[in-house]
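Remarks on the structure that follows.
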Amino acid sequence: MKAKIELRPLVLKNKESFQPEKLLVNANDSLGNPVPLELFGLSGEVNLTRPGVYQITIDFTDPVSNQHIEEKTSVTVLS
């Protein structure tokens, strides 16, 4: 089995709070076990006061294979 992250895009209204965990659909290590939230890294910024589309990368290192896994998604902030 291959380690993976499955993400979804997120749409937020202006000044609504950004909760990165809402981007995550599913994540498993190479044995098929769920990956705990504390193992994830996040890069990218979301400005909640400025409408636009922001790119976010979420990653983790598979504790079994030591492989670095990352996926990208978007957060859209509406006015």
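The values are calculated or read from the model by the stated rules, or taken from the named source; none is laboratory data. In this text the structure is predicted, and so the values were computed from the model without any measurement. Heads up, the Cβs are rebuilt from the backbone with ideal geometry, glycines too, and the neighbour counts pull from every protein chain shown.
Side notes on the structure shown:
- Any hit, region 34-43, residues being in contact with a Gly (Cβ under 8 Å, 6 or more places away or on another chain) and either among the hydrophobic types (A, V, I, L, M, F, W, C) or in contact (Cβ under 8 Å) with a residue 12 or more places away in the chain (or both): no
- Taken together, the residues in region 1-48 that are at pLDDT below 95, among the basic types (Lys, Arg) and closer than 15 Å to Ile69 by Cβ amount to 1.
- Candidate set: region 8-27, residues that are part of a loop (DSSP other than H, G, I, E, B) and of a type outside the set (S, T, N, Q); chosen: the one farthest from Ser79 (Cα to Cα): Arg8
- Where Ser30 falls short, out of the listed (1) of a type in the set (S, T, N, Q); (2) surrounded by 12 or more Cβ atoms within 10 Å (Cβ to Cβ); (3) assigned to a strand (DSSP E or B): (3)
- Pairs linking a residue in region 1-22 that is closer than 17 Å to Val53 by Cβ to a residue that is surrounded by 11 or more Cβ atoms within 10 Å (Cβ to Cβ) and acidic (Asp, Glu), with Cβ atoms under 6 Å and 6 or more positions apart or on different chains, are Leu7/Glu71.
- Qualifying residue in region 40-50 (condition: farther than 20 Å from Ser74 by Cα and assigned to a loop (DSSP other than H, G, I, E, B)): no
- Selection within region 28-38 - among the hydrophobic types (A, V, I, L, M, F, W, C) and under 13 Å from Lys4 (Cα atoms): Leu31, Val35
- Filtering region 55-79 to residues that are more than 21 Å from Ala3 (Cα to Cα), loosely packed, with under 15 Cβ neighbours inside 10 Å and at pLDDT 95 or above leaves Gln55, Thr76, Leu78.
- Selection count where residues are part of a strand (DSSP E or B), among the hydrophobic types (A, V, I, L, M, F, W, C) and over 17 Å from the mean Cα position of the chain (by Cα), scope region 51-79: 1
- Residue satisfying all of: in region 2-21; loosely packed, with under 13 Cβ neighbours inside 10 Å and basic (Lys, Arg); nearest to Asp62 (Cα to Cα) among these: Lys2
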